[in-house]
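Colleague: A single structure is presented below for examination.
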Amino acid sequence: MRGELWQVIIMRQVLNEFCAQHDLSVKDRPAIEAAELLMRFVAEGELDPDELRTRLDDVMVDHPFGKRPQPAAQDGARA
């Protein structure tokens, strides 16, 4: 039971950070999807918060809120 509680704490911490980063409520559909993904990752044995964040970002990048910012064009370069 103690191990399971630790897993929940880690998942919630990563989910809270994800929601804050993307201006989401934990009740928003993308946040629910993120929580489901986190549960899957933990069930697969991943417990490192940094790795959970990376895996979550990699999967959720296709959502409109998850687009990675494009680097700004350098002076003189055309887009």
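The values are calculated or read from the model by the stated rules, or taken from the named source; none is laboratory data. Small disclaimer: the values here were computed from a predicted structure and weren't measured. Every residue, glycine among them, receives a Cβ derived from its backbone with ideal geometry; neighbour counts consider all protein chains shown. The accessibility values were calculated without ligands, DNA or RNA, using every heavy atom of the protein model including side chains. Shrake-Rupley method; radii C 1.70, N 1.55, O 1.52, S 1.80 Å.
Colleague: Kindly evaluate residue 21 against the criterion of being among the polar types (S, T, N, Q), surrounded by 14 or more Cβ atoms within 10 Å (Cβ to Cβ) and at pLDDT 90 or above.
Modeller: Details: among the polar types (S, T, N, Q): yes; surrounded by 14 or more Cβ atoms within 10 Å (Cβ to Cβ): no; at pLDDT 90 or above: yes.
When the stated conditions are applied, residue 21 does not pass them.
Colleague: Please specify each residue of the stretch 27-66 satisfying the condition of being open to solvent by less than 60 Å² (accessible area, probe 1.4 Å), within 19 Å of residue 8 (Cβ to Cβ) and assigned to a loop (DSSP other than H, G, I, E, B).
Modeller: Correct list: 45, 46.
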